[in-house]
Amino acid sequence: MDDDDPRAVIFSFLDGLPQTIRTEALLFVVMYAMESGIYKIGSSKPKDANDFSKEVEAYLMRSGTAGISAVICAIAAIDLSFENLVSKLDQAEADLAMLTDRDPENLGFEQLRLSLPMRRRRWEQAWSTWNDLRTTKLAPQRLRGFADNQLIPRRQQ
């Protein structure tokens, strides 16, 4: 498969995310794919985070209209999920600070609050990388070319 194939680009992006945010990002794609009714999760239920990666890869790597639909759905899921995630993390940090002030003995609140700045940076980096891909390898004209190639059978040489 070509490195510029949108299916490979999307999967490589998701699979290359830091472990601290990868599972969530994969779950966004799985959730929207299942909700749309265009994909049913494999018969073997995921047992760990690595299984989500395998499910998304199988979903994306289909050919023909199924592959086109998977690419469109995955792009939309990532666009929608990532876009305002950083602002939600800002709100979560404020909420956790309030909870920590109310219950200073609760180390769970404090540990979670302290982990948020790193997670925010990871999500910001992922969003920046994603936006770069959306203007290059996943730009609309590239997606049209991919769709055309999937719909038109290649001639045997």
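Summary of computed values
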| quantity | calculated |
| --- | --- |
| Whichever residue in region 124-152 is polar (S, T, N, Q) and under 15 Å from the mean Cα position of the chain (by Cα) and, among such residues, is nearest to LEU14 (Cα to Cα) | THR129 |
| Top-ranked residue in region 109-119 [being surrounded by 12 or more Cβ atoms within 10 Å (Cβ to Cβ) and not polar (S, T, N, Q); ranked as nearest to ASP2 (Cα to Cα)] | ARG119 |
| Criterion: of a type in the set (A, V, I, L, M), in contact with a helix residue (DSSP H, G or I) (Cβ under 8 Å, 6 or more places away or on another chain), surrounded by 14 or more Cβ atoms within 10 Å (Cβ to Cβ) and modelled with pLDDT under 90 - qualifying residue of ALA70, ALA49, ALA97, ALA77 | ALA97 |
| Which listed residue, of THR65, THR136, THR129, is out of contact with any helix residue (DSSP H, G or I) (no Cβ under 6 Å at 6 or more places or on another chain), under 19 Å from LEU27 (Cβ atoms) and at pLDDT 90 or above | THR129 |
| Test: residue in region 124-137 that is assigned to a helix (DSSP H, G or I), more than 26 Å from ASP5 (Cβ to Cβ) and of a type outside the set (Gly, Ala, Ser) | yes |
| Qualifying residues in region 120-141 (those that are surrounded by 13 or more Cβ atoms within 10 Å (Cβ to Cβ) and polar (S, T, N, Q)) - the one nearest to VAL86 (Cα to Cα) | GLN125 |
| Region 59-113, subset assigned to a loop (DSSP other than H, G, I, E, B) and of a type in the set (S, T, N, Q), residue nearest to LEU14 (Cα to Cα) | ASN84 |
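The values are calculated or read from the model by the stated rules, or taken from the named source; none is laboratory data. Predicted model, so just to flag it, every value in this text is computed and none were measured. Cβ coordinates were reconstructed from backbone atoms using ideal geometry, including for glycine residues, and neighbour counts include every protein chain displayed.
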